[in-house]
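The values are calculated or read from the model by the stated rules, or taken from the named source; none is laboratory data. Computed from a prediction, not measured in an experiment: that's the story for all the values here. Counting neighbours? That spans all protein chains shown, and the Cβs are built from the backbone with ideal geometry, glycine included.
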Amino acid sequence: MTESEENGYDVLVIGRYFCDLVFTQLPEFPRLGHEVYSREFHLVPGGVFTPAVTLTRLGLRAAWPCEFGSDPFSQYVNNEALKAGVDNAFFSQSDQPSLRITVAFSFGEERAFLSYTDPLPEIPYVEIIRQTRPTWVYLTHLMTGEAQEKITIAAHEMGALVYMDCQAHHTMISDLDTSAALGRVDVFSPNRAEALALTGEENIEIALDKLCALTEIVIIKDGGNGCLCRYPGGVIRSPAMEVEVVDTTGAGDNFNCGFIYGQIKGYSLKESLRIGNICGGLSAEVVGGGNDHINPQEINQRLGNYQAN
């Protein structure tokens, strides 16, 4: 029995699958009444498939509770997850369609999305937390309300830390549910646009200060600028890894996975931020964010070069 099997899972990932239809190399952004042809098209698994695979490739034991339906998109993502070696202990199958589809228009460092999702069944996350005993619970989007409160309480009762991404543009920290949700997690990591929208600020440093009044550690992902982190001991600015950007879809997810990996493996906060930037950078080199170069050997090599520079 391995150490992770004795102690439970390394990470419990909370979020659903999506199937991404990615259009790249477009001459212009689509507009009403006008047809645009992309020069490339890719069908790739998306949503929480990306962090589930990345965590697995990093050698972590990751639990991903997810329902798949009878539709071809569900089955495609399910099969790709199994081929990638993702733990399927908490997969469930429905005899009804369970569509979660995103159309992505990718312009290198910028992209737009159009999504559709069928009604989502409830998943007993609290019970799964107690069963898996994870070191980290990773909320892949900004969760609020009673469901998030129950998850975070259960996680902390089991000794787990809670990392929450954002992926929300329609709320602010002045909303009591949102501010309460941020106060319940250990690490919150929006991107620059989300941090500014949440706080109503135009300056990233001021936004960081406001968010840190709610969450002890805040990491703002800032694309080609790397990331900016405030923690009780101060502020860390970690530069991005230089890469040739193909598609930034999934880069934030991979950053999160790299950071969590670093923390689980005993790296310092500064080193974990660098590992996050490495994983996010490698992700941006391919369409869909599923770069199989994201693995411990590549991380070690890149981290050595990163530190040397």
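Can you work out which of the residues in segment 31-60 that are small (Gly, Ala, Ser) and in a loop (DSSP other than H, G, I, E, B) is surrounded by the fewest Cβ atoms within 10 Å (Cβ to Cβ)?
Restricting to residues being small (Gly, Ala, Ser) and in a loop (DSSP other than H, G, I, E, B), the top hit is GLY33.
How many residues are more than 10 Å from LEU12 (Cβ to Cβ) and in contact with a Pro (Cβ under 6 Å, 6 or more places away or on another chain) when one looks only at segment 101-139?
Of the residues in segment 101-139, 1 are more than 10 Å from LEU12 (Cβ to Cβ) and in contact with a Pro (Cβ under 6 Å, 6 or more places away or on another chain).
What number of residues within segment 145-171 satisfy the criterion of being in a helix (DSSP H, G or I) and crowded, with 21+ Cβ neighbours inside 10 Å?
Residues flagged as in a helix (DSSP H, G or I) and crowded, with 21+ Cβ neighbours inside 10 Å within segment 145-171 amount to 4.
Answer with yes or no whether GLU110 is touching a residue at least 40 places away in the same chain (Cβ under 8 Å), charged (D, E, K, R), more than 18 Å from ASN256 (Cβ to Cβ) and loosely packed, with under 13 Cβ neighbours inside 10 Å. Before you say what the answer is, go through the steps one by one.
Numbers: touching a residue at least 40 places away in the same chain (Cβ under 8 Å): yes; charged (D, E, K, R): yes; more than 18 Å from ASN256 (Cβ to Cβ): yes; loosely packed, with under 13 Cβ neighbours inside 10 Å: yes.
Considered against the rule, which asks whether it is touching a residue at least 40 places away in the same chain (Cβ under 8 Å), charged (D, E, K, R), more than 18 Å from ASN256 (Cβ to Cβ) and loosely packed, with under 13 Cβ neighbours inside 10 Å, GLU110 comes out as yes.
Of (1) in contact (Cβ under 8 Å) with a residue 40 or more places away in the chain; (2) on the phi > 0 side of the Ramachandran plot, THR140 satisfies all except one. Which?
(2)
Looking only at segment 279-296, count every residue that is modelled with pLDDT of 75 or more and buried (at least 24 other Cβ atoms within 10 Å of the Cβ) and tell me the total.
Taking segment 279-296 and keeping what is modelled with pLDDT of 75 or more, we get 279-286, 293-296.
Those still in the list that are buried (at least 24 other Cβ atoms within 10 Å of the Cβ) too: 279-284, 294.
Qualifying residue count for the region: 7.
Would you call ILE299 over 17 Å from the mean Cα position of the chain (by Cα), modelled with pLDDT under 95, closer than 29 Å to THR102 by Cβ and part of a helix (DSSP H, G or I)? Talk me through it step by step, then tell me what you get.
Details: over 17 Å from the mean Cα position of the chain (by Cα): yes; modelled with pLDDT under 95: yes; closer than 29 Å to THR102 by Cβ: yes; part of a helix (DSSP H, G or I): yes.
For ILE299, the condition - over 17 Å from the mean Cα position of the chain (by Cα), modelled with pLDDT under 95, closer than 29 Å to THR102 by Cβ and part of a helix (DSSP H, G or I) - is met.
Exactly one condition in (1) modelled with pLDDT under 95; (2) surrounded by fewer than 24 Cβ atoms within 10 Å (Cβ to Cβ); (3) among the hydroxyl-bearing types (Ser, Thr, Tyr) is false for THR249; which is it?
(2) is the only condition that THR249 fails.
Please determine, by comparing only the residues of segment 99-113 that are touching a helix residue (DSSP H, G or I) at 6+ places or on another chain (Cβ under 9 Å), part of a strand (DSSP E or B) and hydrophobic (A, V, I, L, M, F, W, C), which one is modelled with the highest pLDDT.
ILE101
Considering only segment 114-151, state which residues are over 22 Å from GLN93 (Cβ atoms), out of contact with any helix residue (DSSP H, G or I) (no Cβ under 9 Å at 6 or more places or on another chain) and hydroxyl-bearing (Ser, Thr, Tyr).
SER115
Pick from segment 5-30 the residues that are within 21 Å of MET158 (Cα to Cα) and surrounded by fewer than 17 Cβ atoms within 10 Å (Cβ to Cβ): which of them is modelled with the highest pLDDT?
Going through the qualifying residues, I end up with ASN7.
Tally up the residues in segment 172-223 that are closer than 21 Å to ALA154 by Cα, part of a loop (DSSP other than H, G, I, E, B) and acidic (Asp, Glu), please.
Of the residues in segment 172-223, 2 are closer than 21 Å to ALA154 by Cα, part of a loop (DSSP other than H, G, I, E, B) and acidic (Asp, Glu).
Assigned to a strand (DSSP E or B), free of Cβ contacts under 8 Å to residues at least 40 places away in the same chain and polar (S, T, N, Q): is that true of SER92 in this structure?
Considered against the rule, which asks whether it is assigned to a strand (DSSP E or B), free of Cβ contacts under 8 Å to residues at least 40 places away in the same chain and polar (S, T, N, Q), SER92 comes out as yes.
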